[in-house]
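*Asks:* Take this structure, written in structure tokens, and hold onto it; I'll ask about it next.
The values are calculated or read from the model by the stated rules, or taken from the named source; none is laboratory data. Everything numeric here is computed off the predicted structure, so don't read it as measured data. Cβ placement follows ideal geometry from the backbone for every residue including glycine, while neighbour counts extend to all protein chains displayed. SASA here: full protein model, heavy atoms, side chains in, ligands and nucleic acids out. Shrake-Rupley method; radii C 1.70, N 1.55, O 1.52, S 1.80 Å.
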Amino acid sequence: MRAVTSSTTLPPPPPGHSQWIYVVHGRSRIGAGSEGVTVPAAETLAIKASGGASKRIVRANVDSHAVLVTGEPNAETFLQQGPFVMNTEDEIAELEEACHCGCLDKFYD
């Protein structure tokens, strides 16, 4: 999704699905009024599944770009650091090391 100093209405997720919004560039405000949350670049907002899913409003005061992922929850814990999402700090450290040494394309050989 891309919000260029405007607002975008996201469709509600299917029943039982969660959403995960990662702001790549700029900052976005998710939700309305006192229930809204401002998410800056390189940060993530996880929205738990609920039975009464509703549309979500995304507003941007600056040129923004965000990624929206929707799916059924798998009940696993996760850790997000920058663009990386893994299950443990050790996995994040291993992935960052592979990225810094230039061998990320060989990481899962």
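*Asks:* Hey, Val23 hits all of (1) in a helix (DSSP H, G or I); (2) open to solvent by less than 30 Å² (accessible area, probe 1.4 Å) but one; which does it fall short on?
*Replies:* (1)
*Asks:* A further question on this structure: Suppose we filter the range 53-78 for residues that are hydrophobic (A, V, I, L, M, F, W, C), open to solvent by 50 Å² or more (accessible area, probe 1.4 Å) and part of a strand (DSSP E or B); how many remain?
*Replies:* 3
*Asks:* Let me ask you something else. From the set of residues in the range 39-52 that are among the β-branched types (Val, Ile, Thr) and modelled with pLDDT of 85 or more, which is surrounded by the most Cβ atoms within 10 Å (Cβ to Cβ)?
*Replies:* Val39
*Asks:* Check Ala66, Ala75, Ala49, Ala60 and return the single one that is in contact with a Gly (Cβ under 7 Å, 6 or more places away or on another chain) and more than 13 Å from Pro14 (Cα to Cα).
*Replies:* Ala60
*Asks:* Within the set of pairs 6+ apart or on separate chains, which have a first residue in the range 57-86 that is among the hydrophobic types (A, V, I, L, M, F, W, C), a second that is open to solvent by 100 Å² or more (accessible area, probe 1.4 Å) and in a loop (DSSP other than H, G, I, E, B), and C-beta atoms under 9 Å apart?
*Replies:* Pairs found: Val85/Phe78; Met86/Phe78.
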